[in-house]
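Everything on this sheet refers to the single structure shown next.
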Amino acid sequence: MSEQRITISIPNLLLIVASSLLLVLLWQLRSLLVILMISVVLAASIVPIVNWAETMRVPRWLAVILVYLTLIGGFSGTVVLIGPTVIEQIELLLRQLPLYAESLEAVATNLLSRLTDDAPALVNQLLDTQSLTNWLIRSSQQLVLRSYSLTRGILGGFFSLVLALFISGYMVADSDTLIKSLVQFFPKPWDRKLAAQATPIGQRMGSYIRGRVLVSGILGIFITAGLSFLGMPEFALGLGAIAGVTNLIPFIGPVLGAVPALIVALAKGGWVLLWVLLLFVFIQNLETYVLDPLLVGSSVGVHPLYQLLSVLGGVQVLGIIGAVIVPPWFAGVAALIENLYLKPKLRSEYRETINQAKNNSDLPPLTPSA
């Protein structure tokens, strides 16, 4: 029985060492990589506006500055107008959260008492409100801290945001030169193919994030108005802001945004819970069947299961920031794979099928044997 020897050549060994060092370097630069990911998403979201301004004979660099000044001004004005009220209502909601948890426990006890005589003990086993409240607060803190640790504090987060805005502005202002400098490292014809994919990738990423922001803003306004009409004006703006922000996260965001409002409605009792539940069901259907097809469309271009996995993976790795920025990146990568692999593969299979059909048609007809 002959012995098999495993040999590693020096080039392969150097490749392994270089790859390991590259992974270590990327891990050390993970904060910078997150800033670059955010910058690309921001750049893709404002490109159409800048392109339109350029057609109006506005210099590209000036168009970028004007767009960012407009966005920052609008955001700052919104925060000044509704920010204090939102913070006040959320603080009031957090202070009354233990009372709402007790109300939830009382409702569960009343429902179970109709089924069994051991309702209080069963509720204590199945619904430990204190542990549930602590778990929700602890989980939220962990998600926030995971995103917080990437930016090294509040000052670091502000600096990272300014840096992301600056980098994204430079990307948009000098996009042609940037793309050429990146694709020149690839051999022909891949340099030309990759350069041609910059526009569709940017369109898919940008349309996704613009659509989500617009849909979230509209739903936040609808939820605020609806809760005010249903007798919850003291929390309407805060709950609407929570629902609007969480709606930026696909799939799980709308559920997270509905939970606080349903808890408050349950504590109020009566028919309020039913009406609030119907409000969120209506809002969810409005988003799914009207707003998303109209404003987001097919910008993601992948199966919903893969979208959900991208959200969960982003949350696991980057916290709340990952839940927002990973899906548009996933949409861009899906566009790259679709245009460079799937479509050429389908065209090749189609041509092969046509050629086989032609070859079969050229064969002489079969004659019955004597």
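The values are calculated or read from the model by the stated rules, or taken from the named source; none is laboratory data. The structure displayed is predicted, hence computed values, not measured ones. No Cβ is skipped: glycine too gets one built from the backbone with ideal geometry, and neighbour counts run over all protein chains shown. Keep in mind that these areas ignore ligands, DNA and RNA; they rest on the heavy atoms of the full protein, side chains included. Shrake-Rupley method; radii C 1.70, N 1.55, O 1.52, S 1.80 Å.
Values computed for the structure shown
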read-out	value
Protection proxy ranking of 179-187, 327-335, 20-28 - average other beta-carbon atoms within 10 Å, highest first	327-335, 179-187, 20-28
Neighbour net charge for residue 60 - beta-carbon separation under 10 angstrom, K R +1, D E -1	-3
Computed lengthening from residue 357 to residue 57, 0.36 nm per intervening residue step minus Cα-Cα distance	102.6 nm
Highest average packing first - 276-284, 314-322, Cβ atoms within 10 Å	314-322, 276-284
At R0 = 41 Å, FRET efficiency that the Cβ-Cβ distance of residue 225 and residue 170 yields, to 0.05	0.55
Cα gyration tensor category, rounded, prolate or oblate, for the range 204-294 with a/c compared to 1.5	prolate
Residue-normalised accessible area of the range 302-348, expressed per residue, 1.4 Å probe, Å²	53
Estimated FRET transfer efficiency when R0 is 41 angstrom, pair residue 255-residue 88 (beta carbons, to 0.05)	0.95
Percent RCO, i.e. relative contact order, over the range 157-256, from Cα pairs under 8 Å lying at least 6 residues apart	17
